[in-house]
1. If a residue has to be of a type in the set (A, V, I, L, M, F, W, C), open to solvent by 10 Å² or more (accessible area, probe 1.4 Å) and farther than 29 Å from A:Glu666 by Cβ to count, how many in the range A:727-759 make the cut?
2. What is the residue count in the range A:783-807 for residues that are closer than 22 Å to A:Tyr55 by Cβ and modelled with pLDDT under 95?
3. Can you pull out every residue in the range A:674-695 that is near RNA strand B (Cβ under 7 Å from one of its atoms), buried (at least 19 other Cβ atoms within 10 Å of the Cβ) and not small (Gly, Ala, Ser)?
4. Please identify the pairs in which a residue from the range A:743-771 that is closer than 20 Å to A:Ser716 by Cα has its Cβ atom under 8 Å from the Cβ atom of a residue that is of a type in the set (Ser, Thr, Tyr) and surrounded by fewer than 17 Cβ atoms within 10 Å (Cβ to Cβ), counting only partners at least 6 apart or on another chain.
5. Can A:Phe245 be described as closer than 19 Å to A:Ala339 by Cα, away from RNA strand B (no atom under 11 Å from the Cβ) and not in a loop (DSSP other than H, G, I, E, B)?
6. Scan (1) open to solvent by less than 10 Å² (accessible area, probe 1.4 Å); (2) touching a Phe, Trp or Tyr at 6+ places or on another chain (Cβ under 7 Å); (3) closer than 28 Å to A:Lys635 by Cα for the single condition A:Asp59 breaks and write down its number.
7. Could you identify the single residue in A:Thr762, A:Thr708, A:Thr721 that is part of a helix (DSSP H, G or I), away from RNA strand B (no atom under 11 Å from the Cβ) and surrounded by fewer than 17 Cβ atoms within 10 Å (Cβ to Cβ)?
8. Mind checking which strands (runs of 3 or more DSSP E) fall wholly inside the range A:487-558 and carry at least 3 residues that are open to solvent by less than 40 Å² (accessible area, probe 1.4 Å) and hydrophobic (A, V, I, L, M, F, W, C)?
Amino acid sequence: MQRYNPTEIEEKWQKKWKKEGLFKVDVKETANKYYCLMMFPYPSAALHVGHGRNYIIGDVVARYKMMRGYNVLSPMGWDAFGLPAENAAIKKGIHPRESTLGNIKMMKQQMESWGVEYDWDREVTSCMPDYYKWTQWIFLQLYKKGLAYRKKAFVNWCPSCSTVLANEQVIEGSCERCDSQVDQKELEQWFFKITEYAQKLLDDLDKLNEWPEKVRTMQRNWIGRSEGVNIDFPVVDSDITLTCFTTRVDTIFGCTYMVLAAEHSMVGELVKDNPEKDKIMDFVREVRNESKIKRVQTGEEKKGIFTGRYAINKINGRKIPLYIADYVLMEYGTGAVMAVPAHDQRDYEFAKKYELPIEVVIDKPSPVIPPVRRNFSEGGSAAENGSSLCHPDSEVRRSQIIRNSLAKAGAERVEGSINLKVEEMTEAYEEEGVLVNSDKFDGMKNTDAMAAIADHMEQNDIGKRSIHFKLRDWLISRQRYWGAPIPMIYCDKCGIVPVPEKELPVLLPEVVEFRPTGESPLNAAKDFVNTKCPKCSGDAKREIDTMDTFVDSSWYYLRYISPKLEDKPFDKKDVNNWFPVDQYIGGVEHAILHLLYSRFITKVLNDMGYVDFDEPFQRLFTQGMIVKDGAKMSKSKGNVVSPDELIKKYGADTVRLYTLFIGPPEKDAEWSDRGVEGAFRFLKRVWNILEILETSPEKGGDEKAKETLIRKMHQSIKKVTEDIDGEFHFNTAISAVMELANQVYVGISESGDGCYDKACLTEVMNNMVLLIAPFVPHIAEEINEQMGNKTSPFKSEWPSYDESMLKADTVVVPVQVNGKLRSTIEMSRGLDKDKIQALVETDEKVKEWISGKEVRKWIILPEKLVNIVVS
RNA sequence: GCGGAUGUGGCGGAAUUGGCAGACGCGCUGGCCUUAGGAGCCAGUGGUUUUACCGUGGGGGUUCGAGUCCCUCCAUCCGCACCA
């Protein structure tokens, strides 16, 4: 019997899997298809054990599903365009393609050393022309459908990366990559009209019930739908009408002024005759230039300026002053806000500062609360003693009364009295209540008034119900080199002309200066820029921006199905057969961007008839991070754990096992090198059972030991199966196999060597090999072979358990007295309550505990527990 | 501020129709074996003032019985954040 030598056997089996094409899939075979997808990585640098978790989990799922009889597709590719490669190119002076392809090669080797297998024939690399040709094709489809458009817009500009960022890439006013403060800059940019799909993207989240609730909530918040009313306010002495969006139309009678965003298009027009025009425009410029991070800073005081103009609140004919302020955003709603200082905290602060009127229109309900007498007995304060000082029912009754009166909301109001006094207010009252000072709506519950006032406005042409979203259109232009060129041409005669599909791909020019200058590096490649118009053949210029890499990654999963097709991005029939993806696995950091964009692109392709499904990912799993010393692994922190040395020392199976055992995979986990050794020990223990098997007797053995072991085996099969099928609880699945392996040793220690015959131990070993195969595939294959089996575990059937073998004939029942454990009694299964009670009554310990006491109650749960209540 | 999650030994973590808290692993202690041990095997390992009591972030409640259910407070993490 040789020692467990992982290095040797792992190489052997990795070669064999490759040779036999274990992971190769023919997409034409669609029966029992299972599409297992891992988010394709950005090829940046060597992988650490944290990255490994993603691939290992995916590999486990793929192998497990294989054993469950599925035809498993598990592909891998590279999200290979993007800034870091370009930055590295600038730094080291090598072409981004070189560094990218070098990284890909290295990462691929690492994946292989983990024993993580893919159908590499389907590898896609987004920076290769045969891929980005179709990224450009997708752009053209969106353009065709009017979903790609160009407009001048204030955009997020990262001065350090010299590029525009999508809203999603700005984190608290800073660039998500380099952390520099993001400026606002007005540029002509390409956008994808994702807002047109806002409602659908929101609605269909309900269908994705196999996604983590957290991710769905995040997307919901990001889309940010709110219902309200667009209200028209005509400006006095002008034909301008300003429209405000509000979700609190019930507070319209309390609107005492109105505020515009500095960016509002009417600002110039409104102040053009104002003698203080220059002062106002200075203020506007100041606000516009203020960085977003400063504007958003908590506690930042709101600034504003009076325009000198007034508008009319048509519902009551009131003339209200028109302000410009920094706290109103142009990006949301209409960029104009009706201010109700009594019922909106921001408006309240602003009104206080500029001494604008504050008027209450929603009153606090005034519940009539019967006085509850407190401190009527001796002892501490009411608070200390709680309800014990009151009649037990009075608390209940009191809260009921409060609830009722809130429901009726102020039915008890005395005519003309208002509970909420402006003089007494220290902040806005934003809660629910009853309308006051609101004309014919007085006395209405504010939630009812919302509908009533909206109806009134629609009937009288004052306003219109409206829905607004926080979601902005997706800005996809990037002023960088290393991305897919946007396939558009500008012709002086014909205007904007798309590149004809048959001329795709628009190739990235080879030699170019990458150093960022503020304009796209492609502009320096004159051969590229200067072209002919596809329409009139006259001189024309190409678009010099490239696409956001999120465009590349929003469709790659479709390409895997037919990665080599030259005349189409994918085959419709094959794609329809294989989609949706059965299991998508990746980091939660993509909860919004990538997953939202992918859903959007899929819906567009669906609407255009290219695919028959409208959601790409059936089930989503987001794994947690692996941290070291409490922090995310990073080179700068020096806490990166490289898998390479660990694999050299312990083997890939040990690293895999520990990674899976470390904790529930959806949670963050702390890496411990010591823990790795424990995993290694376990594998050795399993391996060494081979030796026990060799010396086992052909027949005989100890019946009790065999029975216990076989029972444990069935229990383990059940537990492992349920843990994988459920929420991927590999950690507890592995602990179940550990218990099984331990039982082998426990039996020997209790019943001596030779307590298992060969048949028994062989059965246990065969099943154990299958149970661990998805986690530690190399050692499973090797033990399997040493056992003399000819079929690979991955071509074998997943083991099944026998329900009747799970439980022993007798059961140990805990006996409690007054809820405290006092004894345990072994008894046969299936006894009725009377027999159990009789048995328990004979127990010495129980007798001791209940003697001299009055037994009030017996709680008997057969085969589970007995509790005797005494006093 | 809003939304979501988490809180259990020295550590990672188990435990759901409410029923023996701490599975499994790490670490630690002791023993066996060994020329040796950073190998292997066996035993022990929540705390304490140990006939028993106390223990799942704090406080309260429901129950024969609560880590699990209810109320309340606290802490940490994540996401969003002047969204009208």
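1. 3
2. 0
3. Start the filter on the range A:674-695 by keeping residues that are near RNA strand B (Cβ under 7 Å from one of its atoms), which leaves A:674-675, A:677-679, A:681-682, A:684-685, A:688.
Then keep just the ones that are buried (at least 19 other Cβ atoms within 10 Å of the Cβ); that gives A:679, A:682.
The one that is near RNA strand B (Cβ under 7 Å from one of its atoms), buried (at least 19 other Cβ atoms within 10 Å of the Cβ) and not small (Gly, Ala, Ser): A:Phe682.
4. A:Leu770/A:Ser796
5. Working: closer than 19 Å to A:Ala339 by Cα: yes; away from RNA strand B (no atom under 11 Å from the Cβ): no; not in a loop (DSSP other than H, G, I, E, B): yes.
Against the criterion (closer than 19 Å to A:Ala339 by Cα, away from RNA strand B (no atom under 11 Å from the Cβ) and not in a loop (DSSP other than H, G, I, E, B)), A:Phe245 does not qualify.
6. Of the numbered conditions (1) open to solvent by less than 10 Å² (accessible area, probe 1.4 Å); (2) touching a Phe, Trp or Tyr at 6+ places or on another chain (Cβ under 7 Å); (3) closer than 28 Å to A:Lys635 by Cα, the odd one out for A:Asp59 is (2).
7. Values: A:Thr708 fails: surrounded by fewer than 17 Cβ atoms within 10 Å (Cβ to Cβ); A:Thr721 fails: surrounded by fewer than 17 Cβ atoms within 10 Å (Cβ to Cβ).
The conditions single out A:Thr762.
8. Details: elements: A:488-491, A:495-498, A:530-532, A:539-542.
Hits in the range A:487-558: A:488-491.
The values are calculated or read from the model by the stated rules, or taken from the named source; none is laboratory data. Everything numeric in this text was worked out from a predicted model, so none of it was measured. We place every Cβ from the backbone using ideal geometry, glycine too, and count neighbours over all the protein chains shown. Ligands, DNA and RNA are excluded from the accessible area calculation, which covers all protein heavy atoms including side chains. Shrake-Rupley method; radii C 1.70, N 1.55, O 1.52, S 1.80 Å.
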